[in-house]
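Asker: Dropping the structure in here first, questions after.
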Amino acid sequence: MPNKDESVAEIAARVSVEIKFRAVTAVREGSRIVDVAEQFGVSRQTVTAWKKRYDADGLAGLAAASRRPHSSPNRIAPEVEAWICEMRREHRRWGARRIAYELKLQIADRGPSRSTVHRVLVRNGLVNAQEQQHKRVYKRWARETPMHLWQLDLVGGVHIEGGRECKILTGIDDHSRFVVVAAVLERPSGIAVVEAFIAAMHQWGVPFEVLTDNGKQFTGKFTRPLPVEVLFERTCREHGISARLTKRRSPTTTGKIERFHRTLRRELLDEVGAFASIEAAQAAVTEWVHAYNTQRPHQSLDMATPASLFRPRPTLSASAAAPETAGTDVVAAQTSQMPRIAESTAPTALEIDLRVPPSGVVALAGIQQLWLGKALAGQTVTIWTDLTSTHTLLGDEVIKTIPSRLTTADLDRLKMRGARPGRSEPALPAVNPDRPSGIQGPVEVDRTATRDGVVTLLGHHLTLGVRNARQRVTLRIDGGLIHVIAGGHLVKTMPNPLSPLDAKRLSGVRQATTPLPPAPASGPQRVQRTVPKDGVVMVAGQRLRVGRTHTGKIITVIVEDHHFRVLDGEAELSLHARTSTKAIRNFNAHRSPKRQASPDDITSKMS
């Protein structure tokens with residue numbers, strides 16, 4: 001009978017010991033271990049373990065033992081756990097990721113992981129339990145280079161003694177999250193905003209684009225009764241900056257600057273009281289922004305600091321001063337005195353290493369695309385470019401040359417992406433910009449013929465013949481003739497339909513440096529076919545039965561005047577009388593070869 005004073009756990013432990021004792025007793029009385037294990041619903045290894053523990057310690061050995069390991073070599077050290085708790089109490093807004101990052105800076109390899117830090121915080125009651133929030137999923141975006149886009153906005157919350165509240169013009173670089181401007185404004189007028197904006201451009205350079213909301217300081221698009229151009233818009237236009245606006249009531253578009261405002265409020269504005277003056281407020285904001293840019297790791301940058309990823313452009317002329325504060329009657333005079341962009345310091349030629357994507361098309365500065373072919377997918381090529389020519393190098397060999405469509409601004413953008421100054425031009429220029437008109441001397445262009453053997457040059461259709469269908473050919477333009485080169489042979493010569501003005505507009509032109517190759521030797525034609533499942537191939541509209549045993553192979557067909565000879569490598573498979581007079585349109589096997597079927601596979605399928 002169970003004792004009334006026993007708890008449920010104690011009763012379960014006693015019953016467990018009694019069951020184990022009955023099993024051990026049955027084995028000691030001569031029953032087989034297999035039969036006892038089946039009777040009690042356990043494995044034979046378990047029954048054997050119970051018997052050994054009973055023989056060693058008696059009934060005490062059958063009691064449930066602790067499963068805790070004798071040692072935990074990977075357990076976090078007590079001093080590190082105390083360090084984590086102290087960091088959390090000192091910096092209450094630091095999460096597990098930030099604390100783990102700071103610890104690794106201090107103790108390197110001994111630093112715990114983020115999940116370990118989180119468990120320590122939970123174990124010590126330093127994490128507030130909260131309900132799970134299912135946030136909206138936003139489409140994230142970011143510019144690929146610094147100084148490409150600035151996000152600008154106005155934020156309040158700067159209180160001055162006497163009850164006055166001021167606003168701050170904030171600006172953040174979209175790529176690096178570097179704060180480029182944080183100016184406390186006495187009055188958030190359009191002139192004050194432009195003054196702070198120009199001061200930032202004096203310090204860091206001119207961005208390519210700016211993104212703002214639809215505030216009246218930034219745009220006059222929604223001014224009634226008629227839209228107007230405000231001072232900020234004119235400033236952007238005078239400096240060649242693209243001014244972009246968010247959709248109305250869509251603050252998530254400028255999410256980076258809005259998130260920066262949240263951090264600014266929590267870590268600075270909410271922690272201090274009213275400032276003695278605007279100058280004191282500006283000094284505090286400037287000091288905090290400096291720490292934000294250079295010391296504070298950013299989680300969206302993989303714990304890097306914004307300053308480590310930011311690279312300024314050539315700044316405005318130091319001699320030009322920002323406009324002074326004045327009334328609206330002198331706005332035109334101020335904008336007329338605004339400084340212009342300094343002359344670009346980009347080199348005349350740049351080189352950059354790019355990886356060829358699976359499509360075989362490399363994008364250069366988002367302006368020009370280079371088709372290199374899928375065969376080079378995954379390889380790294382070097383692009384040499386200037387304002388005239390663009391050369392593609394694989395190793396030290398020039399594999400393609402086309403005219404450049406890049407501008408000076410595009411070269412600046414490439415430089416910020418990591419392009420280096422270019423060496424001397426690795427090949428002849430694609431186009432000679434000094435020639436007056438037309439093309440002088442023989443030049444070459446590469447084109448791919450269609451399935452009908454036609455190449456189009458500026459609207460002129462050149463028929464090369466079905467023998468050259470879908471082949472990459474070189475067209476050499478020499479005066480009034482066009483020579484067609486394919487496979488290292490001169491396959492055709494035709495009149496040149498291009499006028500001198502048309503010839504100048506061709507893309508991918510290069511100077512011809514080699515003599516014309518010889519014409520191919522005359523003789524029977526050779527075509528290739530991939531043998532399908534039924535073992536029948538088509539040549540010139542005639543069915544040639546090769547046999548299912550050659551399924552998946554690429555065979556060669558010698559086309560003679562009266563016969564078709566089918567070859568597998570050098571071995572002749574069959575000879576067929578030619579009954580068709582149709583022209584051959586396809587010469588190559590375009591499908592990839594399949595696995596060759598063995599005779600056993602075919603026999604099993606037929607059976």
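The values are calculated or read from the model by the stated rules, or taken from the named source; none is laboratory data. Values in this document were obtained by computation on a predicted structure and should not be read as measured data. Note: ideal-geometry Cβ built from the backbone for every residue, glycine included; neighbour counts use all protein chains shown.
Asker: Could you check how many residues of the range 24-54 are within 17 Å of A65 (Cβ to Cβ) and in contact with an Asp or Glu (Cβ under 9 Å, 6 or more places away or on another chain)?
Answerer: Residues meeting the conditions: 1.
Asker: Could you list all residues from the range 363-386 that are under 15 Å from A419 (Cα atoms), in contact (Cβ under 8 Å) with a residue 24 or more places away in the chain and not hydroxyl-bearing (S, T, Y)?
Answerer: If the condition is that a residue be under 15 Å from A419 (Cα atoms), in contact (Cβ under 8 Å) with a residue 24 or more places away in the chain and not hydroxyl-bearing (S, T, Y), then L364, A365, G366, V381, I383, W384, D386 are the ones that fit.
Asker: Does W50 meet the test of being surrounded by 12 or more Cβ atoms within 10 Å (Cβ to Cβ), more than 30 Å from N124 (Cα to Cα) and among the aromatic types (F, W, Y)?
Answerer: Criteria met by W50.
Asker: Let me ask another. Residues R32, R89, R98: which one is under 42 Å from the mean Cα position of the chain (by Cα), exposed (fewer than 14 other Cβ atoms within 10 Å of the Cβ) and either under 28 Å from Q299 (Cα atoms) or not assigned by TED's automatic domain parsing to the domain that holds T263 (or both)?
Answerer: None of the other options fit; the residue is R89.
Asker: Before we move on, is M87 of a type outside the set (S, T, Y), in a helix (DSSP H, G or I) and under 27 Å from S176 (Cβ atoms)?
Answerer: For M87, the condition - of a type outside the set (S, T, Y), in a helix (DSSP H, G or I) and under 27 Å from S176 (Cβ atoms) - is met.
Asker: Restricting to the range 243-253, and then to whatever is out of contact with any helix residue (DSSP H, G or I) (no Cβ under 7 Å at 6 or more places or on another chain) and modelled with pLDDT of 90 or more, can you tell me which residue is surrounded by the most Cβ atoms within 10 Å (Cβ to Cβ)?
Answerer: Result: L245.
Asker: Just checking, how many residues over the range 476-495 are surrounded by 19 or more Cβ atoms within 10 Å (Cβ to Cβ) and farther than 24 Å from V527 by Cβ?
Answerer: 4
Asker: Has the range 216-228 got at least one residue that is of a type in the set (A, V, I, L, M, F, W, C) and in a helix (DSSP H, G or I)?
Answerer: So far as the range 216-228 goes, no, none of its residues is of a type in the set (A, V, I, L, M, F, W, C) and in a helix (DSSP H, G or I).
Asker: Filter the range 460-484 down to the residues that are more than 40 Å from the chain's Cα centre (by Cα) and in contact (Cβ under 8 Å) with a residue 40 or more places away in the chain, then identify the one that is nearest to L516 (Cα to Cα).
Answerer: R467
Asker: Could you list, ordered by first residue, the pairs with Cβ atoms under 8 Å in which the first is in the range 426-454 and farther than 20 Å from I482 by Cα and at pLDDT 60 or above and the second is of a type in the set (G, A, S) and assigned to a loop (DSSP other than H, G, I, E, B), at least 6 apart or interchain?
Answerer: The qualifying pairs are R451/A469.
Asker: Determine whether A142 is part of a helix (DSSP H, G or I) and either among the aliphatic types (A, V, I, L, M) or surrounded by 14 or more Cβ atoms within 10 Å (Cβ to Cβ) (or both).
Answerer: no
Asker: Considering each of L185, L226, L154 in turn, give the residue that is in the same structural domain as F275 (by TED's automatic domain parsing) and either touching a residue at least 40 places away in the same chain (Cβ under 8 Å) or buried (at least 21 other Cβ atoms within 10 Å of the Cβ) (or both).
Answerer: When all the criteria are applied, what remains is L154.
Asker: Taking the range 558-607 as the region of interest, how many residues are charged (D, E, K, R), part of a loop (DSSP other than H, G, I, E, B), surrounded by 12 or more Cβ atoms within 10 Å (Cβ to Cβ) and modelled with pLDDT under 75?
Answerer: The total comes to 2.
Asker: Now for a different question. Sort out which residues of the range 255-278 are in a helix (DSSP H, G or I), in contact (Cβ under 8 Å) with a residue 60 or more places away in the chain and over 28 Å from the mean Cα position of the chain (by Cα), and write them in order of number.
Answerer: Matches in the range 255-278: L264, R265, R266, E267, L269, I278.
Asker: Can you name every residue in the range 228-247 that is over 21 Å from P188 (Cβ atoms) and of a type outside the set (S, T, Y)?
Answerer: Across the range 228-247, the qualifying residues are R237, E238, H239, G240, K247.
Asker: Could you list all residues from the range 254-288 that are more than 14 Å from H159 (Cα to Cα), of a type in the set (D, E) and modelled with pLDDT under 90?
Answerer: The answer is E267, and nothing else.
Asker: List the pairs whose first member sits in the range 23-38 and is in contact (Cβ under 8 Å) with a residue 24 or more places away in the chain, whose second member is among the polar types (S, T, N, Q), and whose Cβ atoms are under 6 Å apart, counting only residues at least 6 apart or on separate chains?
Answerer: none
Asker: Same structure, new question: Checking S308 against (1) over 32 Å from the mean Cα position of the chain (by Cα); (2) in a helix (DSSP H, G or I), only one condition comes out false. Which one?
Answerer: Here S308 meets the rest and fails (1).
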